[in-house]
1. Over segment B:152-238, with every protein chain in place, what whole percent of the accessible area is carbon and sulfur at 1.4 Å, could you tell me?
2. Around B:Ala214, what is the net charge, scoring Lys/Arg as +1 and Asp/Glu as -1 over all other residues with Cβ under 14 Å from its Cβ?
3. Measuring from centroid to centroid over Cα atoms, what is the spacing of segment B:122-197 and segment A:27-100 in Å?
4. Could you give the accessible area per residue of segment A:3-121, probe 1.4 Å, as a whole number in Å²?
5. Pairwise over distinct Cα atoms, reciprocal of the mean inverse distance: report the Kirkwood radius of segment A:72-207 in Å, one decimal place.
6. Simple spin-label model, 7 Å along Cα-to-Cβ: A:Thr3 to A:His258 in nm?
7. Over all residues in A:102-114, what is the mean tally of Cβ atoms on other chains that come within 10 Å of each residue's Cβ?
8. Compute the Cα gyration tensor for segment A:61-100, then decide on rounded, prolate or oblate, letting a ≥ b ≥ c be the square roots of its eigenvalues: rounded whenever a/c is under 1.5, prolate when a/b is larger than b/c in the other cases, and oblate in all that remain.
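The values are calculated or read from the model by the stated rules, or taken from the named source; none is laboratory data. This is a predicted model, so every value here is computed, not measured. Glycine also receives a Cβ, built like all others from the backbone with ideal geometry; neighbour counts cover every protein chain displayed. Surface accessibility is based on the protein's heavy atoms, side chains included, excluding ligands, DNA and RNA. Shrake-Rupley method; radii C 1.70, N 1.55, O 1.52, S 1.80 Å.
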Amino acid sequence: MRTAFSRALIDLARADPSVLLLTGDHGYALFDEYRRCVPGQYVNAGVAEQNMVSMAAGLARVGFRPFVYALAAFVPVRTVEQIKLDITHDSLPVVLVGDGAGLVYSHLGPSHQSAEDVACTRALPGLTILSPADRFEMSACMAHAGTTRGPVYLRMGKADRGDVHPGAIGPLHAGHLLRVREGRADRPGLVATGSMVTTALGVAGVLDLSAWSAPVLKPLSVADVCAAASASTGLVTLEEHSVLGGLGAAVAEMTAEHQPTRVLRIGVPDRFSRRCGSHEYLLREHGLDADTVCSRVAAFMALTKRADPIRPPLP
Amino acid sequence: MITRATSQDRARPDRRFEPARMRRTVLEMAWAGSAVHVASAFSIVELLTTLYRSHLRYPDNDSRSPERDFLVLSKGHGVMAQYACLLEMGWLDESHIRAYFSEGSLLFGLSDSRVPGLEVSSGSLGHGFPVGVGIAMGVQRKGTDQRVYAILGDGELDEGAIWEGVMVAAHHRMDKLMLIVDQNGFQAMGRTEEVLALGDLEGRFASFGFETLAVDGHDETAIDRAIGQLWATGAGKPKALVARTIKGKGVPFMESDNRWHYQRLTAETYAAALAALGFDAAGIAAGDATR
């Protein structure tokens, strides 16, 4: 997936000399090829993320297309105000790439883990938020980012959890859900994003459920979310992000307003990680491992089967 | 290809940019809108008038010309003084001044990039200058001779993002960028030296690799000369002009009285301030029939 990112960025930079990569002193090895191919379009802006984001706004104002790369914990989270005032207020074409989103920096602790980046940015007007699940979605997201006229936040997990699509996917359409598995309509459906799409596919296979990937978190298509809701007895959202303010929140907001259904939000609970350990260890700690997800979805399935899915009884 | 603007684009001898008239416009706005930050605007009047009259290039008088110089008001609190200059440039008209702060009006109490002639949205401090650094990097990459000016408050220098930008500007040898500090000695809650001491500002900027000069920020001739001198010296270095100013300059009872960061005009103080600037209650100068 990271190779797909690097390759797409090189292609964009070669095709358009106004593309400029700014990095906050991150991306060791990731940009070796980029620097070899387009050395003049690379700026290491130093460990100075606030200035880097504002500077990207200045560059965009005079015709450049900056891609700003940092860890998600720093861009966007550290620089939300710069993104708000300097970039989104004027709809400037800046692409912010937040790497290592979620729990993947498990051994490094809370400074580098980021389960709040989508929540922090989703309320910024006009910001497109992308969250690819595999290399094919990454290529499509980069193509989308390269042609979008406004600001983009591309959320990137560092861990590559394998392909979820059999091959290249077509151009992304704003907010569209991608169906990755067809399952039974009398059961809940799964809507997942980023690293959790792989988990969703596994669980959907076990329980014979439909599953969708959401590579575009904002804007999210109301029609697609409602269609998923009406094609199932309830929706389960899966994300390596807080249950507050991310995909689960967006789906719950939309269904509550347009297509009431029961929604189970599976994500990082509203707390920091407690212990040090591997990425897999932290996924288990937060209940995001395949076994825990499978049993939670099974319990939800039983719940939504018992009665009218629109108004199921409380457990 | 961006063409070189001529000196005619830069100099506007036909436009007077008289400081007293600029301050009168500020007072009219503050009175019309019951607005604050009068003293913050008064301290940058001569910096702005000198820049607009003699330095900033706007080909075809177009505020959005791709060939223009850039003036970034990083201390957005002084924006009323810039509105007065934008009026003189013809990019605003009297109705904007009279309608200040009325429902549905265009002009905010802090700099907003949607207004013709304002490059950035500021007021949250520490934003404008780093955006200016980005503009300067873009200009440098394009190889044009466009210049970028950023006016910062001294209180604004508390913000860490400013010093990030200062380091980046020096490292990348942005010699088309000039940082101008409005050193009026005050920030919102008191004297800068009491809140967070800045010490020797010229020394600080020089140590960061800037070509630096200090100037009386209310002496237009001196400002003009200092700007010219900074551009002419220190090849490869960004410029810093430390302008010693007086917060509330021009109206004696406002000068260095930090209450005028917040205070609103009354009928009495409005008339007294106009009188101090040499205007009668209708805003007309002695012997001046024009508005």
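1. Looking at segment B:152-238 in its full context, I get 50 percent from C and S.
2. Values: positive: B:Arg204, B:Arg225, B:Lys239, B:Arg244; negative: B:Asp154, B:Asp182, B:Asp200, B:Glu202, B:Glu211, B:Asp216, B:Asp219.
Its environment carries a net charge of -3.
3. Comparing the Cα centres of segment B:122-197 and segment A:27-100, I get a distance of 19 Å.
4. Details: 3920 Å² over 119 residues.
I get 33 Å² per residue for this part.
5. Values: mean 1/r = 0.0628 Å⁻¹.
Hydrodynamic radius (Kirkwood, Cα only) of segment A:72-207 equals 15.9 Å.
6. My value for the distance between the label points is 3.8 nm.
7. The mean count of partner-chain Cβ atoms within 10 Å per residue comes to 0.
8. The shape class here is oblate.
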